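Trainee: Starting off with a structure, shown below.
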Amino acid sequence: MEAYLKQVYPILPVKDVLETVDYYVNQLGFTLGFKDVGDHPNYAGVIRDGIEIHFQWHSDAEWANGLTTQMLRIYVDEIDILFEEYSTKNVFHNNTKLQNTSWGTKEFAFYDINTNGLTFYKDL
């Protein structure tokens, strides 16, 4: 059996998650898909038609240092098989591990050769 990549969700760096969600919902016609708990969420996603866009908060220091890294969230059914495949390709960094998250996914992540973030996941 092989892993099949099903969908990709871009993760855009933002300065204010709630402000960004408000813009996408009220100006661009998206709906809120999810957000972190609390008054100042660090992560949220919006949905319109067949697409989903995620937003991740980044500090002022990161923006001042020229934040340019983009991140993709890629859905895959056979996450264990893909992890094993990539583990033989010398692409992981020291902290890459396959793990269950508190938000209900099993995932692993690493940076490509241009420091773009790649997160592969499946729902639990």
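The values are calculated or read from the model by the stated rules, or taken from the named source; none is laboratory data. Keep in mind it's a predicted model, so treat the numbers as computed, not measured. Neighbour counts run over all protein chains shown; Cβ positions are idealised from the backbone, glycine included.
Trainee: Can you name the residue in segment 78-124 that is among the acidic types (Asp, Glu) and within 15 Å of the chain's Cα centre (by Cα) and, of all such residues, is nearest to residue 35 (Cα to Cα)?
Mentor: Applying the filter and picking the extreme gives 123.
Trainee: Here is a follow-up. Residue under question is residue 50, and the condition is that it be of a type in the set (Gly, Ala, Ser), at negative phi and out of contact with any Gly (no Cβ under 7 Å at 6 or more places or on another chain); does it hold?
Mentor: Yes: the conditions hold for residue 50.
Trainee: Can we say residue 70 is over 19 Å from residue 8 (Cβ atoms), out of contact with any helix residue (DSSP H, G or I) (no Cβ under 6 Å at 6 or more places or on another chain) and of a type outside the set (Phe, Trp, Tyr)?
Mentor: no
Trainee: Going residue by residue through segment 78-90, is there one that turns out to be of a type in the set (S, T, N, Q) and at pLDDT 90 or above?
Mentor: yes
Trainee: Let me ask something else. What's the total number of residues in segment 16-53 that are crowded, with 16+ Cβ neighbours inside 10 Å, out of contact with any Leu (no Cβ under 7 Å at 6 or more places or on another chain), not hydrophobic (A, V, I, L, M, F, W, C) and not in a helix (DSSP H, G or I)?
Mentor: Number satisfying all stated conditions: 3.
Trainee: Moving on. Can you work out which of the residues in segment 54-77 that are among the charged types (D, E, K, R) and surrounded by fewer than 17 Cβ atoms within 10 Å (Cβ to Cβ) is modelled with the lowest pLDDT?
Mentor: Checked segment 54-77; the qualifying residue modelled with the lowest pLDDT is 62.
Trainee: Please work out which residue is farthest from residue 123 (Cα to Cα), limiting yourself to segment 43-52 and to residues that are modelled with pLDDT under 90 and out of contact with any Ser or Thr (no Cβ under 9 Å at 6 or more places or on another chain).
Mentor: The extreme case among them is 49.
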